[in-house]
Structure formats: structure tokens, C-alpha cells
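Quick notes on the structure that follows.
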Amino acid sequence: MRGSKVLGAPSKPPRVRPERAEPEDVDDPRRPRRVVDYSLERRRALGKLVLTATGASENLDPHPDLLRAAKYHGQPLAEACPWCRSKEMVLLRYTWGDELGDFTGRQHTLAEIDEMAGEQGQFRVDEVEVCRECHWHFRRRSYVLGDGQPRPAKRARKNDTW
Ligand SMILES: [Zn+2]
């Protein structure tokens, strides 16, 4: 199954851009551009957790779909969970974009995303770490891939695989 739909995680960017983006010059559709690193926010969120230590943080209470995706998909991470120190951390990748149309907001493997980068003009990837043990989750990084040539939005058809 390619790209299981996950509702509510991570937060969906508002649809303010037009249906078709401007073309952009791209040397390598698979090299991340417009990279946003959230490590500062991650440290802050962890600091808040330490202060409250109630477990009530939204970073420990993910949407059930995100947990399910973490259980069955996700790429294991070598590092320990920053909160509970377990080795049960996985990385999930979600793709967003007007061009993806009905398929925006789905979870994909690195190989699928690599393929998409050669087929799409522009889409954003969110990398979300999830701990299967304590449910800590955080968006670590976000970036744009694609060849820069805008495509019409994809529409879901019967029997479409993604
Ligand atoms: Zn954990």
C-alpha cells in the first residue's frame, strides 16, 4: 500500500497559493531546497516537557493515525528518544502540495518520495520523528522537492494506488 492517509498530523499548511505554482529553475529535483530545520523548536518543546513533566504535552499525545503509521511504517532511527531514551524512534515522511491534489498529506517511504521528486514540479516533505514507546513526536525538518515545472493537481480515481 502506498501512502496511507493520515489525518491531523502534522499540521496542514493553509491553502493560500494558487492552483499552479510559478516554474522555478531546479538543478536536481531530488536535492532538498527551502529547508526548514526545527531543532531549536524541538529543544524548546523538550525543555517545556522537562518543566511540566505531566505528560500532558501535545508532543506526547499524537493523533492515533500518526501512531499507527509509526507502528507499521517509518524508518528506524539510530538515536534514542529525547524524552524516554528508548530506541524505538522512527522517522515518517509526509508530502504536501497543490500538485498532489487529492493525495496531499500522505505518508511515503524515501524510495517513493525519490520517485515523486522526478515526477512532480514541487511538493513539500515533512519529516516527523515518533517514539513508539512514549509517543513523543516532533517535526524535525521540512523541505521542497520536485523538478520545478508545475503540474496540474492530481485527482483521485478509482483504483489509484497513490
Ligand atoms: Zn520515547
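Put simply, the convex hull of the Cα atoms in segment 36-145 casts, on average, a shadow of 7.0 nm².
Largest first and in whole Å, give the semi-axes of segment 65-116's equivalent ellipsoid, each being the square root of 5 times a Cα gyration tensor eigenvalue.
Over the Cα atoms of segment 65-116, the semi-axes work out to 25, 12, 9 Å.
Label zone of K87 (point 7 Å out along Cα→Cβ, amide N under 20 Å): in segment 113-147 this covers 129-136.
Cross-link partners of K87 among aspartates and glutamates, defined as those whose alpha carbon lies under 16 angstrom from its own and excluding same-chain residues fewer than eight positions apart: E79, E129, E133. Of the residues G101, C131, G118, the one whose Cα sits farthest towards the positive end of the charge dipole of segment 36-145 is C131 (charges of +1 on Lys and Arg Cβ, -1 on Asp and Glu Cβ, taken about the Cα centre). Judged by the mean number of other Cβ atoms found within 10 Å, the most tightly packed of the peptides 145-156, 28-39, 122-133 leads the ranking 122-133, 145-156, 28-39.
Within 10 Å of each residue's Cβ, count the other Cβ atoms and sort T104, T95, T109 from fewest upward. Walk me through the numbers before you get to the answer.
On the way: T104 20, T95 24, T109 15.
So the residues, fewest neighbours to most, are T109, T104, T95.
Laboratory data are not the source of any read-out in this text; all were calculated from the coordinates shown. Remember, predicted model here, so these are calculated numbers, not experimental data. A quick note on method: Cβ atoms are made from the backbone with ideal geometry, for glycine too, and the neighbour counts reach across all protein chains shown.
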